[in-house]
Amino acid sequence: MAETRILTKEDTDTAAAMLLAGRLVAFPTETVYGLGADATNGRAVAAIYVAKGRPSFNPLIVHVPDVTAARGIAEFDPQADALAEAFWPGALTMVLPLRARSGISPLVTAGLDTVAVRVPSGATARQILRLSAVPIAAPSANPSGRISPSEARHVVAGLQGRVDAILDGGRCPVGLESTIVGFDPAPRLLRPGGIASEEIEAVLGQGLGGAGAAITAPGQLASHYAPKSALRLNVEAPLEGESYLGFGRKDATLNLSETGDLAEAAANLFGHLHLLDALGRSISIAPIPEIGLGRAINDRLRRAAAPRDRAS
Ligand code: TXA
Ligand code: MG
């Protein structure tokens, strides 16, 4: 691929026109940057897999501007309705039965009879979705197996020359990917993310089951989200020569949140990992409490620290 155009947040009309023309455009959502393509255009979707080096069995999330558009591609039951009402637009993805004649390319769902759908809340993403008026397939805009991008420069570092455009809309405020919920038909947490599972359980009035064998998010391979440097988790005191990623009142190379605020820590997570990775030293990381957004942070950290031989 030739040159990657860098767009500004005023260029949403250009971004939408490029997407409609079958091009790949990276743009910010409130969670992380996504690598977008027209979900109804098989060739455009195929180009996502090529640009990311992503295994083709790993399906993509479809982004739409509102619940009405979501109903055009997926079938909602009352529990899905309740979650859409409570959390959209926002950092929730639901895996639902794919509607007949949805127009979604089978490459998006990797041949499954379900589709992952989300209505993002980020203003730039919403504008692009409204202007393009087609469902947009968008995985996180990182090379497969690498840390997700929460800033445009992360996308530039990973994908420049492999995508048609990158829209720089600043930092993503949530900083972690969306929470994914599937139904079998009981609601299950397929990936912890930007909305705490406790909040979802409160709306449903019941607990979320775990992913289980029958229904899983195929992207949840053990060593997803890996930085290049080695990682050690739950470290109270770093070793000599290590970079230390702190949380709470700690002397650290970088701190996720000096006040111990989990939302601030989530927003800083990928950016700080990108920065520490660039230092080239081993990275040790302070313990993060396993509550609320801490679950999603720890999930990403465990994957980042896992052995690399299964990296996708
Ligand atoms: O916040 C986010 O969700 C970001 C932004 C760009 O929206 N997107 C994102 O996409 O994280 P991606 O492709 O990196 O992760 C999508 C996850 C993968 O683990 C994939 O396996 C799962 O969603 N997934 C997609 N369709 C599915 C389906 N039909 N059934 C089960 N899992 C599915
Ligand atoms: Mg991803």
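Let me make sure I get this right: for the stretch 74-150, a, b and c are the square roots of the gyration tensor eigenvalues over alpha carbons, sorted descending. Under 1.5 in a/c it's rounded, otherwise prolate if a/b > b/c, else oblate. Which is it? Intermediate results must be reported in sequence, preceding the final value.
Details: a/c = 1.45, a/b = 1.15, b/c = 1.26.
Rounded.
With 10 angstrom as the radius, rank 9, 228 by how many other C-beta atoms surround their C-beta, starting from the fewest. Mind dumping the intermediate values first?
Working: 9 16, 228 10.
Arranged by neighbour count, lowest to highest, 9, 228 become 228, 9.
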Give the shape of the stretch 1-94 as rounded, prolate or oblate, defined through the alpha-carbon gyration tensor: a ≥ b ≥ c are the square roots of its eigenvalues, a/c under 1.5 means rounded, and otherwise the shape is prolate if a/b is larger than b/c and oblate if not. prolate
With the dipole of the chain defined by +1 on each Lys or Arg Cβ and -1 on each Asp or Glu Cβ, the option from 159, 74, 88 whose Cα lies farthest towards the positive pole is 159
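Please give the length that would be gained between residue 101 and residue 291 if that part of the chain were fully extended, namely 0.36 nm times their separation in residues minus their C-alpha to C-alpha distance (nm, one decimal).
Working: separation 190, 0.36 × 190 = 68.40 nm, distance 4.07 nm.
Net length gain for the segment: 64.3 nm.
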Residues in the stretch 20-39, backbone N under 16 Å from the label point at residue 6 (7 Å along the Cα-to-beta-carbon vector): list them, ranges by number please. 26-28
Using +1 on the beta carbon of Lys and Arg, -1 on that of Asp and Glu, and nothing else charged, what's the dipole of the chain about the Cα centre, debye to 20? 900 debye
Nearest-0.05 FRET efficiency for residue 81 and residue 20 at R0 = 35 Å, using Cβ-Cβ distance, is 0.70
HN-Hα couplings for the stretch 260-276 via Karplus (6.51, -1.76, 1.60; θ = phi - 60°), in whole Hz with x for Gly/Pro, come out as x, 8, 5, 5, 5, 5, 4, 5, 8, 4, 5, x, 5, 5, 4, 5, 5
For residue 232, enumerate residues with amide H under 5 Å from its amide H, sequence gap 5+ or separate chain, H modeled in the peptide plane. 283, 284, 285
Taking the Cα centre of the stretch 1-141 as origin, sum charge times position over the Cβ atoms of Lys and Arg (+1) and Asp and Glu (-1), and report the length of that vector in debye to the nearest 20. 360 debye
Sorting 197, 53, 120 by the position of each Cα along the dipole of the chain (Lys, Arg +1; Asp, Glu -1; all at Cβ), the one nearest the positive end of that ordering is 53
By the C-alpha gyration tensor axes a ≥ b ≥ c (rounded if a/c is under 1.5, else prolate when a/b exceeds b/c, else oblate), the shape of the chain is oblate
Which residues' amide hydrogens lie under 5 Å from the amide hydrogen of residue 121, considering only partners 5 or more residues apart or on another chain, with H built in the peptide plane? 30, 90
Taking θ = phi - 60°, what integer Hz values does the Karplus form 6.51 cos²θ - 1.76 cosθ + 1.60 yield along the stretch 284-295, in sequence order, with x for Gly and Pro? 10, 10, 5, x, 10, x, 8, 9, x, 5, x, 4
Loop-only chymotrypsin sites (Phe, Trp or Tyr not before Pro) in the stretch 223-297, please: DSSP not H, G, I, E or B, and at most 16 other Cβ atoms within 10 Å. none
Would you mind ranking 104, 61 so that the residue whose beta carbon has the fewest other beta carbons within 10 Å leads the list? 104, 61
Using 1/(1 + (r/R0)^6) with R0 = 30 angstrom and r between the beta carbons of residue 13 and residue 261, what's the FRET efficiency to the nearest 0.05? 0.25
From the backbone phi of the stretch 127-143, what are the Karplus-calculated ³J(HN,Hα) couplings (6.51 cos²θ - 1.76 cosθ + 1.60, θ = phi - 60°) in whole Hz, Gly and Pro given as x? 4, 5, 5, 5, 5, 6, 6, 10, x, 10, 7, 8, x, 4, 8, 10, x
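Quick note: the coordinates plus some simple rules give every number you see, no bench work behind them. Remember, predicted model here, so these are calculated numbers, not experimental data. Every residue, glycine as well, gets a Cβ built from its backbone with ideal geometry; the counts of neighbours run over all protein chains shown.
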